[in-house]
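Everything below concerns the one structure shown next.
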Amino acid sequence: MNTNIIHPAPAFNEWDLDLLIDYVLKYHHRNIRTFGVDLTKRLTALCAEHPELQTVAAHLSNSVSDLDIHCQKEEQILFPFILEMISAAESGRKTGPFHCGTIQSPIQAMMMDHSDEIERHAHMAELTNNYAVPEGADDACRTVMEDLRKFRDQLTEHTSVENEIIFPRAIELEAQQIGR
């Protein structure tokens, strides 16, 4: 079995908006809350043998905590409104305006969160010399560094799907639904 098969990236721009939201919720939000929390624990445990990773562990812990709050805002405020607009459009109804005027404000806040997290993970990559394994490290450390890179890559996908596809489509849908 060839384990080096490269799978093409999904063509997210071809997906329906509600499917993209489901994907973000069920893959990315779960990943942050499970893989991110587990990775934080494993990285923190490594700090006993590799104290040079303490700053990275603190950054990751803060990132996972901040991302959880970010996910809650999307789950409880932004995505339900977008899904309501989709449902209304599919049934030929109009929706009322977003409770705080327009969805552009929460979208801008989400995009700022994304920028902050991408910056934080770029700093962690810098602190680890692009996820290089410290000298004398064991396999557990090697795995944690690979997983830290994987977490960053998944975060990059998460932000790209939202910033480049979901948010612009939601703004366009709102304009159609509300008449802006």
Would you please list the contacts, defined by Cβ atoms under 8 Å and residues six or more apart or on different chains, that run from a residue in segment 22-34 that is within 10 Å of GLN154 (Cα to Cα) to a residue that is open to solvent by 50 Å² or more (accessible area, probe 1.4 Å)?
HIS28/GLU157
Could you tell me which of the residues ALA109, ALA89, ALA122 is under 24 Å from TYR23 (Cα atoms) and under 18 Å from the mean Cα position of the chain (by Cα)?
ALA109
Would you list the helices (runs of 4 or more DSSP H) that sit entirely within segment 79-174 and hold 2 or more residues that are aliphatic (A, V, I, L, M) and surrounded by fewer than 18 Cβ atoms within 10 Å (Cβ to Cβ)?
79-90, 104-127
Out of (1) open to solvent by 60 Å² or more (accessible area, probe 1.4 Å); (2) in contact (Cβ under 8 Å) with a residue 12 or more places away in the chain; (3) assigned to a helix (DSSP H, G or I), the odd one out for LEU67 is which?
(1)
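The values are calculated or read from the model by the stated rules, or taken from the named source; none is laboratory data. These numbers come from a predicted model, not from an experiment. With ideal geometry, Cβ positions are generated from the backbone for all residues, glycine too; neighbour counts draw on all protein chains shown. Each accessible area value is taken on the protein alone, full model and side chains, heavy atoms only, with ligands, DNA and RNA left out. Shrake-Rupley method; radii C 1.70, N 1.55, O 1.52, S 1.80 Å.
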